[in-house]
Amino acid sequence: MTLVLAREKSVESIKEALLARLTIVFYDETLIGRKTELEPFFRSAVTVTSEYKNRNEEKIVAVTLQNNTDVPYKLKLSSLKYMIEEYPMGRVTLKPREKIKVILKAVWDTPPELALEFRVENLFTDVNEELSLD
């Protein structure tokens, strides 16, 4: 299936989007497209919020990931400043319309800002090149 990223539901707008190659291919739970289209698509599809907490006198960050679409996302989370609890190798599958909580523990002191990188393993911007985000 080809997703056409048109501004509105009109023949003219769809034609403009197709000529400008504003498209994403969706096949077998995989999205393929240019980074210029995939990145904003993913950022609008998945909401990320964080909350700093104390757990047994240990500072943690509770990160909530919410999928607002019907597309599952296979994520690989990584950080140099945090350890990721419960998810081996930082791998998380965010099912359609699912909301999950990921707990991060600071490696040393809690950094002033959240430093978490995402690699989306089922969004491809090129042959064997997955979408990566900071």
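The values are calculated or read from the model by the stated rules, or taken from the named source; none is laboratory data. Note that the coordinates shown come from a computational prediction; the quantities given were computed from them, not determined experimentally. Every residue, glycine as well, gets a Cβ built from its backbone with ideal geometry; the counts of neighbours run over all protein chains shown. The accessibility values were calculated without ligands, DNA or RNA, using every heavy atom of the protein model including side chains. Shrake-Rupley method; radii C 1.70, N 1.55, O 1.52, S 1.80 Å.
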Do you know which residues across the stretch 103-126 are within 15 Å of Leu77 (Cβ to Cβ), over 13 Å from the mean Cα position of the chain (by Cα) and either at pLDDT 95 or above or among the basic types (Lys, Arg) (or both)?
Lys105
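Take the stretch 102-120 and flag every residue that is exposed (fewer than 13 other Cβ atoms within 10 Å of the Cβ) and either hydrophobic (A, V, I, L, M, F, W, C) or closer than 18 Å to Val48 by Cα (or both).
Step one: of the stretch 102-120, the residues exposed (fewer than 13 other Cβ atoms within 10 Å of the Cβ) are 107-109, 112-113.
If the condition is that a residue be exposed (fewer than 13 other Cβ atoms within 10 Å of the Cβ) and either hydrophobic (A, V, I, L, M, F, W, C) or closer than 18 Å to Val48 by Cα (or both), then Val107, Trp108, Pro112, Glu113 are the ones that fit.
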Determine, yes or no, whether Asn67 is more than 15 Å from the chain's Cα centre (by Cα) and without any contact (Cβ under 8 Å) to a residue 40 or more places away in the chain.
no
Report every pair of residues separated by at least 6 positions or lying on different chains whose Cβ atoms are under 8 Å apart, first residue within the stretch 29-55 and more than 13 Å from Thr69 (Cα to Cα) and in a strand (DSSP E or B), second open to solvent by 90 Å² or more (accessible area, probe 1.4 Å) and not β-branched (Val, Ile, Thr).
Tyr52/Lys59; Lys53/Lys59
What single numbered condition from (1) buried (at least 16 other Cβ atoms within 10 Å of the Cβ); (2) at pLDDT 95 or above fails to hold for Thr69?
(1)
(1) closer than 20 Å to Leu5 by Cβ; (2) open to solvent by less than 20 Å² (accessible area, probe 1.4 Å); (3) part of a strand (DSSP E or B); (4) out of contact with any Phe, Trp or Tyr (no Cβ under 8 Å at 6 or more places or on another chain): which one isn't true of Leu123, the others all being true?
(4)
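State all residues of the stretch 41-60 that are closer than 15 Å to Leu131 by Cβ, open to solvent by less than 70 Å² (accessible area, probe 1.4 Å) and not small (Gly, Ala, Ser); if no residue qualifies, say none.
The initial filter retains those residues of the stretch 41-60 that are closer than 15 Å to Leu131 by Cβ, namely 41-46, 48.
Filter again for open to solvent by less than 70 Å² (accessible area, probe 1.4 Å), leaving 41-42, 45-46, 48.
Scanning the stretch 41-60 gives Phe41, Phe42, Val46, Val48.
The rows are residues; the columns are (1) small (Gly, Ala, Ser); (2) under 18 Å from Val107 (Cβ atoms); (3) open to solvent by 70 Å² or more (accessible area, probe 1.4 Å); (4) at pLDDT 95 or above.
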site	(1), (2), (3), (4)
Ser10	yes, no, no, yes
Tyr73	no, no, no, yes
Thr93	no, no, yes, yes
Pro96	no, no, no, yes
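Residue-wise test of (1) in a strand (DSSP E or B); (2) hydroxyl-bearing (Ser, Thr, Tyr); (3) farther than 17 Å from Leu38 by Cα.
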site: Asp70; (1), (2), (3): no, no, no
site: Leu80; (1), (2), (3): no, no, yes
site: Leu104; (1), (2), (3): yes, no, yes
site: Leu114; (1), (2), (3): no, no, yes
site: Glu130; (1), (2), (3): yes, no, no
